[in-house]
Structure formats: structure tokens, C-alpha cells
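What follows is a set of notes on a single structure, which appears directly below.
Please treat every number below as a calculation from the coordinates, not as lab data. None of the values given here were measured: they were computed from a predicted structure. Cβ atoms come from the backbone with ideal geometry, glycine included; neighbour counts cover every protein chain shown.
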Amino acid sequence: KSVVQRLWQGSASVDMLSPRLQKAVKDYMSTNKHGVSYRGRRSARVSKKRLLCEMKRKVKVMTVDGEELPFSSLGWQKIVPPLPLERLYGKGFRSCAVVTSAGAILHSGLGKEIDSHDAVLRFNSAPTKGYERDVGNKTTIRIINSQILANPNHQFNSSSLYKNVTLVAWDPAPYAVNLHKWYRNPDYNLFTPYMKYRKQFPAQPFYILHPKFIWQLWDMIQANTLENIQPNPPSSGFIGILLMMWLCEEVDVYEYIPSLRQTDLCHYHERYYDAACTLGAYHPLLYEKILIQRVKSGSNSDLWGKGKVTLPGFRNIHC
Ligand code: C5P
């Protein structure tokens, strides 16, 4: 059986990856770039209900609010948006779609279905123009990693991809979160472009996720996995899924757990092939996906045909 078939059954493991990907995973383990040290439990036996409760209890959306040093001394209370992200949409959305950038979404014809949701989340530089039939054209929130802000190729300041949406940026800080160190030495410098953009477009909601949120997600994945997961932050996809579980009553996720269209094509909008994009090398992506597979609802025909899984919003989880 292929890794993806195993994933559909919820029983995939890193030993099933190609030798090249297994080696990449091992190298990331020994490098441990972010200084991760985990002493919590490891279990894969928690029930779906308890797992959802644990997610709701342990993972709280947090953004940089300018109240903590060094941001407070740099005047960030006036730089960040006045409303916190958790309150931006009032009572939140009923139905939401999370659209991953996987190549497998090509030829899906899912565009109309995706756009019928009250809010749509997309990632990084994934376009809609030219791909409407398969991915739709509505974007409510875009999660962007720090490379998008730091790398001039993305034309972050001028590209229409980043206009008329809520932006949520993130960058991996050290595991023992120290905001001073992070500010001095982010993975990619997102702070300067963030300040510049906020001053230029103050009316556009634009947040930076607090690194504590990122590592809470990581801890939760590790706590529910027997193997040691990669000591690197979860993928933007997983971050976005959990964010939408806070903002929405119901979340449909597209092509995160791959459909029968599964392919090594990394992104639907680029001609670059690498199985790592779907199965992970740097990010603990395979483990993230096993976890989502354990808590999802939705039929197998939606999964195989559309790459769609449905997750409850946390407001509908009563613990
Ligand atoms: O590559 P990028 O991070 O921009 O893609 C957005 C998210 O979509 C990823 O973080 C990952 O969770 C998901 N993805 C995937 N399979 C792919 C490409 C992306 O699951 N082939």
C-alpha cells in the first residue's frame, strides 16, 4: 500500500516514505534548529472527542499584540490592528473552507463549492486568477510565512494577492520562546516589512502569529504521536486549519489529506515536483495529517473524490 492509502486508514508512518525523505527527516531531527526539547506525554490512543477537546483547551490563537517586550518599547501597540484577530469577525463564520496549495487540486472542479463557504482561507502566494474552476476566487484570510514578506520576488507590497484580505504572518521563533531573540534573529526578517506595510495600509487587518501559538500546535501533535516528530514548526496548512477551527462553526479542508488525484506536483500553480510538499520533510506534515485524519468527519467519497475533510469549529465542541 502507498503512504497515502495508509494515511486514509490513519496508520501512516515515516518509515513508509522514500529513503530520500527519510534521510531528510533524520537530518532535521539531528540539526534541531529551533532547540526543541519535549518532555510531555506521547500517546496515539486518545479518542476523537478527547483529541478535539485537547485541541480546544491547549491551543489558543495568539497574535503579537504589542504589549510584550521588545514590541511594547518599539511602539507596536499602535502598529498592530486595533481589534485582535479573535474578535475581528465578531461571532465568527458559519462555514469555512481551507484551500491547500497542493497540485492535486488541479482538475478538481471544486471552485464553486469552495466559494460557497462564508470564509475562505488560502496560503502564501497561491493565486486564484486562472485557476478559478478548481480553487474558486474568494479569499477572506491569507496565511503567509515570513519568506513572503522578506523575499523581494514575492512583491509583497505591490502584488494584488495580498490586498483586500486579512493577512496572518508567521515565523518560527526558538522553541523556548524568547521574543527578544526572535526580534533580533527571525528566520526571515518579517518585522521591518510588517511595520512598513502597516503604515502604508493601516486599514487592512494584518497580524503576526505569536510563536507560542505555533509551538502549542507542535506540542499537541507530538503529544498525540508515538514517534518523535520533526523538531520544526507545523506547516502553514495545519496552522490555518486550527485558526479556522477557532473562527468558524464548520471547516471544510481541501487537498490536505490527498484525494485520488494525489501527485508529486508540489503546488497547483508551479511546475515543481517533490513528494516532500505533500508528505513532509522539514515540517512534521505526515503527523499533522494523521492527526487531522483522526478527528475528521465526512465521507470517504468526499475524501477520495474531493480531497475534502470536515472538521467541527471549537464553538461546537463541548467538553
Ligand atoms: O507550500 P505552502 O506552505 O505554501 O502550502 C500551503 C499548505 O498546503 C502547506 O503548508 C501544506 O499544509 C499544504 N500542502 C499540502 N500538500 C502539498 C502542498 C501544500 O498538504 N502538495
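May I ask for the Rg/Rh ratio of the range 59-108, computed from Cα atoms with Rh as the Kirkwood radius, given to two decimals?
Numbers: Rg = 16.8 Å, Rh = 14.1 Å.
Checking Rg against Rh, the ratio lands at 1.19.
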Q: May I ask you to derive the FRET efficiency for residue 163 and residue 53 from their Cβ-Cβ distance with R0 = 45 Å, giving the value to the nearest 0.05?
A: 0.75
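Within the chain, which is the longest segment that contains none of the trypsin sites (Lys or Arg not before Pro) sitting in a DSSP loop with at most 16 other Cβ atoms within 10 Å?
Working: sites that count: 1, 33, 39, 41, 42, 45, 60, 91, 129, 163, 271.
Longest stretch, sites excluded: 164-270.
How much of the DSSP beta bridge set in the chain is antiparallel, as a percent to the nearest 5?
Of all bridge pairs located within the chain, approximately 30 percent are antiparallel.
Treat the range 1-86 as a sphere of radius equal to its Kirkwood radius over Cα pairs and apply Stokes-Einstein at 20 °C in a medium of 1.002 mPa s; give the translational diffusion coefficient in µm²/s, rounded to a whole number. Spell out each step's value before the answer.
Working: Rh = 17.6 Å.
Stokes-Einstein gives a translational diffusion coefficient of 122 µm²/s.
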Q) Order of 191, 71 from fewest to most other C-beta atoms within 10 Å? A) 71, 191
Q.
Within the range 95-132, name every residue whose backbone N is under 16 Å away from a label modeled 7 Å from Cα of residue 155 along the Cβ vector.
A. 125-130
Q.
Once R0 is set to 51 Å, what does the formula 1/(1 + (r/R0)^6) return for the Cβ-Cβ distance between residue 198 and residue 42, expressed as a FRET efficiency to the nearest 0.05?
A. 0.80
Q | residue 5/residue 87 FRET efficiency (R0 41 Å; Cβ-Cβ; nearest 0.05) | A | 0.45
Q) In bins 20 Å wide, starting from 0, what share of all Cα pairs of the chain does each bin hold, as a percent? A) 33, 62, 5
Q: Run down the lysines and flag those whose C-alpha is under 18 Å from the C-alpha of residue 296, throwing out any fewer than 8 positions away in its chain.
A: 48, 49, 56, 306, 308
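For a quick check: sort 273, 188 by the number of other beta carbons within 10 angstrom, fewest at the front.
The order, fewest Cβ neighbours first, is 273, 188.
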Q. When the Debye formula is applied to the Cα atoms of the range 257-297, each taken as the same point scatterer, what base-10 log of I(q)/I(0) results at q = 0.18, 0.29, 0.31, 0.32 Å⁻¹?
A. -0.55, -1.04, -1.08, -1.10
Q | Rel. contact order, % - alpha carbon contacts under 8 angstrom, at least six apart, the chain | A | 27 percent
Q. Is the range 151-265 rounded, prolate or oblate when judged by the Cα gyration tensor, a ≥ b ≥ c being the square roots of its eigenvalues, rounded requiring a/c under 1.5 and prolate requiring a/b larger than b/c?
A. oblate
